[in-house]
Every structure is written in structure tokens, then in C-alpha cells.
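Undergrad: Input: one structure, supplied below.
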Amino acid sequence: TTVNELDKKRMLMKRDTDELVRVHEKNVASMWRATYHVEPVTGLMNDPNGFTYCNKKWHLFYQWFPFGPVHGLKHWYHVTSPDLIHWENRGVALLPTGKYENCGCYSGTAISEGDTIYFVYTGNYRDENRIRRPHQLLATLEGDEQYTKAMRPLITPNENYTEHQRDPKIVRIDDMYYIFLGTQNKQEQGVILVYCSDSILTDWKFLGELKVKGYENGFGYMVECPDVQKIGLHDVLIFSPQGIEPSGDEFHNKFNSVYLIGDLDLETLTFTPDGPMQELDRGFDFYAPQCASQNVYSDCSIMSAWFGVPDYTYPPTDEEGWSGLQTFARELTIRKGKLYQTPVRGIESIKKDELFCAKNGEIISDKLHGQMPNSAIIRIENPDAESLDLNLFSRNYVIARGFAISYDKYAKRLRIDRSDLTNQLNVEYGTERQIILENGLTSMDILVDHSTVEIFVNEGEYVLSARIFPTKEEHMIRMGGKNLNLSIWSAEQTVD
Ligand code: FRU
């Protein structure tokens, strides 16, 4: 089926199972299928949803259109994990069967109490006149697959705002529940609305707009996917504003996800930031992050995100009929007032064979012979590096740059560049990203998984994520630099 022939309004039915099983088998044979990242069973995946810990498992859901690589009628799909590393497909979770979901079950979050997970999400509803009237809805999951939807919406459209009201984040603070809702005001500015109740199930009251000091005109023209986290002693506001202009090395993607560290006062509905709004990920493909509501770790928040951006296309897998994946789950911590992001603990366990090792620039072992593995974990420690050049998936061993990662010690500039690869992506937003590292470069952990690269710089001070679709001819790795300490491992498959 071509994209144009797809029925974007199609809802999943029991009778579709055989068809989807066949499509899934075809998709997993793709050369760009990841092996340790969560990917859609079929069709398109975008935002993470309903992320929480319950009944000794992590539960993650994702925005899902089952039938092709387009943003059609959205369902929720469910995956679970014991450790945030090994993931199992559990089947469809929410189907857009209700009146207020006639245009899809949009993004939302979860909170778990006892054995029950409560989901609060947006019913993307259009009335008889095709006017969009988003409602915030409730559903529950008990045990492994007993989903129940509440009869009545929790929150009806707020008439003082435009039709853009979505992506509720539910949190419990002391004995109260709060919902933070991404919204557009009538001046077309992005704002966050706050609702509260002493019960998840009923009596939600509108408190007002969250006032963010220094941002009295809101954020761009719309805020999507707000999230509030307590990390150590700090409050962190995470969201995906739309319409932020590029500035310096930041905000070059069509849409960006950002964070503010500060102090949240629910009495006055004020968030007072300690510093500037910053991009969460400095690469090309990252959006709509969501932190798990419940968490087994007390020293960090856990975050997943869509490894993609709205309106971008990814032609190589679009042509195969599927699209999107999740970033590798990250731990968020604050050190010396700065947000750090690291791959979740336990990642060491998926490092299989050591394929390459150099110490102080001297090669200790090399099983690669210049061949780039499709899935790998790379660690670089090189405090004194003058310069560093890493070319992943280059076409030859002489000049091709492939996916280039380079560091210039004098300019303290770290740069990624994907312009040399055969398959070009969303080039109108540029083919390079760079960061000036005030404190220089001390380490990098690079996760490579067929069509993805995630670079964690200086133990998580910055992260850059990029989709890439290397062809069969792009299979070499070139490494240049002085005094490098560099190891490369193959990675174990942890996802279907
Ligand atoms: C963000 C988003 C959300 C919406 C969902 C629909 O990518 O546009 O605002 O709820 O995706 O799939």
C-alpha cells in the first residue's frame, strides 16, 4: 500500500491481527531496524505516553498508527520492561473507540496506585461541524490487560483558549493531584494550564496559567507535552514549545524540547527559573520527552522521548511502511545546578564483545578492521585530545566522512555532521549541529543502533541524537586523534 492509499482514519480491529503480524515480520527484517531501542510493531510511533512503574515492571506506551508511516488515527501501544533495557511488546492499549476520541487518543501520562495505572490523555475530538474540541480523558489498567475508560471526561475544553489544549501531565504532590496541560492562548502564545483535584477520578478544578518568570509572553505559539519533575532539591519543567526561533547553536530543529531548572510554587502558580531555557538534546531528532511518574530510583528521573520531530520525514523506513522509535531511556540528575542525562543504569550489561580498544592512541586490540558494526557502544576518554575525528558509516577509508563527529580543542567545539551520508534527512534544518564545551571534552559514550546515534558528552552534560540511514556501501569506520582512549563493543539485542 502506498502512503496515499492508506486510510488514515482506520481503527485497529481484531480481524487485522494476521495482517499486522505479517507486516511486523517484514519490518523486523529491515536493515534499519534497531535492536536495543523500542520501535513500533508496525506503522508509526511518535510520543512516549503513560510512562510509569507498576507491579514490578516499567510500563511505556506510545502514540501509534498501526497501518503505515503517517500520523493517522492515533492509538496507544503498550511495552513493558523489568529494567528499562529489555522490552517486550504487550499489544494495543487504548483504541479510539469513544465519542471524544473520534480523531484519536492523543498523548497523555499515567500515575500508578496499588495495582492500578490511571491514564490521563487527550481525546482529540471533532464535533459535527469538524470543530476541534479536545477533552482530557481518563482510563485505567488493572492487571495485565484490563483497560477501562471513564464515562465522563475529566476536563472539558477551556473556552478561554484555542482548540490547542492537549498532553496532560498528571502528578501527585503531597495529597493533591495536579494536571499540567499544554495550551495555546487566544494571542496564539504557548502556555501551560494547571488543574487540581483531591481525587484522580473527579472534581478537577481549573487553577489558572502557570506563570513562568521571564516568559510573560509564553513559549512560541504552542506548548506540547509539559512535564514537571522534582530532581534532588530542584523543580524541573520540561516541555516541547513550538515556534521557537534558532539562536546561536540552539533551537535549529523544526520543533525543540526544552527544560528550565527552578522552583515551582503551586500556591502562586509560579515557576521561577534559575537559568535560561535550554534544549534537552542538541542533535537533530528528538521531541516530546516524558518522564516516568513512578520511579524505583530515588536519585534521578527517568525519561523516554520520540526519536523524531513532527513534520519531518524519514524516507528510508517510510518506504518500508514504518516510522519512528524511542530514544534509549535516560536518567536525569542535577549536578552543580546543571541537568545531566545518562543512559539508564544497566547499559553496561548489553556491551557484548569488545571489538576495538585503543589506549593513549595505541591500538591494543582490533577485531573491526575498519568495518563499522551496525549496532555498537563506543566509549572515548581522552582528556588531552588535541583533536578528534570519528567517521561512522563512511563509504571508504580515504576521504568519506560518513556520520562525522569531531572535536576541536582550541575552539572547544564539538560538531556532528551528517551531510556526507547518501540518505539525507530534513536538510532544510541543516546538516550539522555544534556545541561549545566551556569545560572541554572529557568523555563520550556513543550508542549506535542501525539508524540511530546518541552521543552522551562529558558523562551527560550534553546529549546529541541523530537518525541516520547508512546504505550497504556505508560500512567503514575511521578514527583519528591523538592519545585516544577508545573502546567499541557490540551490543546485545534487547528488543523484538
Ligand atoms: C506531539 C503531539 C502531541 C499530540 C500527539 C499526537 O508530537 O503532536 O501534542 O498529543 O503528538 O500524536
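The values are calculated or read from the model by the stated rules, or taken from the named source; none is laboratory data. All of these numbers come straight from a predicted model, not from anything done at the bench. With ideal geometry, Cβ positions are generated from the backbone for all residues, glycine too; neighbour counts draw on all protein chains shown. Note: areas computed on protein heavy atoms with side chains; ligands, DNA, RNA excluded. Shrake-Rupley method; radii C 1.70, N 1.55, O 1.52, S 1.80 Å.
Undergrad: Which residues, taken from the range 279-299, are open to solvent by 10 Å² or more (accessible area, probe 1.4 Å) and either within 16 Å of the ligand (Cβ to nearest atom) or touching a residue at least 12 places away in the same chain (Cβ under 8 Å) (or both)?
TA: Result: E279, R282, Q290, S293, Q294, N295, V296, Y297, D299.
Undergrad: Any residue that is open to solvent by 20 Å² or more (accessible area, probe 1.4 Å) and under 21 Å from the mean Cα position of the chain (by Cα) - is there at least one of those in the range 50-66?
TA: For the range 50-66, residues open to solvent by 20 Å² or more (accessible area, probe 1.4 Å) and under 21 Å from the mean Cα position of the chain (by Cα): present.
Undergrad: So, one more: Is at least one residue of the range 193-214 open to solvent by less than 10 Å² (accessible area, probe 1.4 Å) and within 16 Å of the ligand (Cβ to nearest atom)?
TA: yes
Undergrad: Using beta carbons and a limit of 6 Å, which pairs, at least six apart or on different chains, have the first residue in the range 85-100 and assigned to a strand (DSSP E or B) and the second one among the acidic types (D, E) and open to solvent by 30 Å² or more (accessible area, probe 1.4 Å)?
TA: N89/D496
Undergrad: Somewhere in the range 132-147, is a residue within 26 Å of the chain's Cα centre (by Cα), more than 25 Å from L264 (Cα to Cα) and of a type in the set (F, W, Y)?
TA: The answer is yes, given that some residue of the range 132-147 is within 26 Å of the chain's Cα centre (by Cα), more than 25 Å from L264 (Cα to Cα) and of a type in the set (F, W, Y).
Undergrad: Another one. Do we have any residue at all in the range 167-180 that's within 16 Å of the ligand (Cβ to nearest atom), touching an Asp or Glu at 6+ places or on another chain (Cβ under 9 Å) and charged (D, E, K, R)?
TA: Yes, some residue in the range 167-180 is within 16 Å of the ligand (Cβ to nearest atom), touching an Asp or Glu at 6+ places or on another chain (Cβ under 9 Å) and charged (D, E, K, R).
Undergrad: At least 1 residues that are at pLDDT 95 or above and within 23 Å of E279 (Cα to Cα) in each: list the strands (runs of 3 or more DSSP E) lying fully within the range 114-226 that qualify.
TA: Once the strands (runs of 3 or more DSSP E) in the range 114-226 are filtered for at least 1 residues that are at pLDDT 95 or above and within 23 Å of E279 (Cα to Cα), what remains is 161-173, 176-185, 190-197, 205-209.
Undergrad: Which count do you get for residues in the range 460-490 that are open to solvent by 10 Å² or more (accessible area, probe 1.4 Å), over 22 Å from Y287 (Cα atoms) and part of a strand (DSSP E or B)?
TA: Of the residues in the range 460-490, 9 are open to solvent by 10 Å² or more (accessible area, probe 1.4 Å), over 22 Å from Y287 (Cα atoms) and part of a strand (DSSP E or B).
Undergrad: Continuing with the same structure: Which residues, counting only those in the range 439-459, are open to solvent by 10 Å² or more (accessible area, probe 1.4 Å) and at pLDDT 95 or above?
TA: Listed by number, the residues that qualify are D445, H450, N458, E459.
Undergrad: For residues that are within 26 Å of D318 (Cα to Cα) and either of a type in the set (D, E, K, R) or open to solvent by 10 Å² or more (accessible area, probe 1.4 Å) (or both), scanning just the range 102-123, find the one that is farthest from the ligand (Cβ to nearest atom).
TA: Once the filter is applied, the top-ranked residue is N102.
Undergrad: Before we move on, is Y407 of a type in the set (S, T, Y), crowded, with 19+ Cβ neighbours inside 10 Å and out of contact with any Lys or Arg (no Cβ under 6 Å at 6 or more places or on another chain)?
TA: Judged against the criteria, Y407 is a match.
Undergrad: Let me ask something else. Consider only pairs whose beta carbons are under 9 Å apart and that are at least six residues apart or on different chains; among these, list those whose first residue lies in the range 394-411 and is under 17 Å from V457 (Cα atoms) and whose second residue is among the charged types (D, E, K, R) and open to solvent by 90 Å² or more (accessible area, probe 1.4 Å).
TA: Correct list of pairs: K409/D384.
Undergrad: Has the range 81-94 got at least one residue that is among the basic types (K, R), within 24 Å of M13 (Cβ to Cβ) and either out of contact with any Leu (no Cβ under 8 Å at 6 or more places or on another chain) or open to solvent by 40 Å² or more (accessible area, probe 1.4 Å) (or both)?
TA: yes
Undergrad: Now a separate question. Which residue out of A411, A385 is over 30 Å from Y259 (Cα atoms) and part of a loop (DSSP other than H, G, I, E, B)?
TA: Result of the check over A411, A385: A385.
Undergrad: For the range 306-327: of the residues being among the polar types (S, T, N, Q) and within 17 Å of Q424 (Cα to Cα), which is nearest to the chain's Cα centre (by Cα)?
TA: Residue satisfying both the conditions and the ranking: S323.
Undergrad: I've got another one for you. Go through the range 363-382 and count every residue that is free of Cβ contacts under 8 Å to residues at least 60 places away in the same chain and assigned to a strand (DSSP E or B).
TA: Total satisfying the criteria: 4.
Undergrad: Something else about it: Inside the range 215-229, can you point out the residues that are free of Cβ contacts under 8 Å to residues at least 60 places away in the same chain and either loosely packed, with under 13 Cβ neighbours inside 10 Å or touching a Gly at 6+ places or on another chain (Cβ under 6 Å) (or both)?
TA: Matches in the range 215-229: E216, N217, G218, F219, G220, Y221, M222, V223, P226.
Undergrad: Out of the range 300-322, which residues are within 24 Å of V223 (Cα to Cα), away from the ligand (no atom under 12 Å from the Cβ) and in a strand (DSSP E or B)?
TA: Scanning the range 300-322 gives S301, I302, M303, S304.
Undergrad: Can you name every one of the strands (runs of 3 or more DSSP E) wholly within the range 227-278 that holds 3 or more residues which are aromatic (F, W, Y) and within 16 Å of the ligand (Cβ to nearest atom)?
TA: Output list is empty.
Undergrad: Taking into account only those residues within the range 328-337 that are more than 19 Å from the chain's Cα centre (by Cα) and part of a loop (DSSP other than H, G, I, E, B), which is surrounded by the fewest Cβ atoms within 10 Å (Cβ to Cβ)?
TA: Among those that are more than 19 Å from the chain's Cα centre (by Cα) and part of a loop (DSSP other than H, G, I, E, B), it is K336.
Undergrad: For the condition farther than 28 Å from R172 by Cα and either among the small types (G, A, S) or touching a strand residue (DSSP E or B) at 6+ places or on another chain (Cβ under 7 Å) (or both), what is the one hit in F271, F255?
TA: Going through F271, F255 in turn, just one is farther than 28 Å from R172 by Cα and either among the small types (G, A, S) or touching a strand residue (DSSP E or B) at 6+ places or on another chain (Cβ under 7 Å) (or both): F255.
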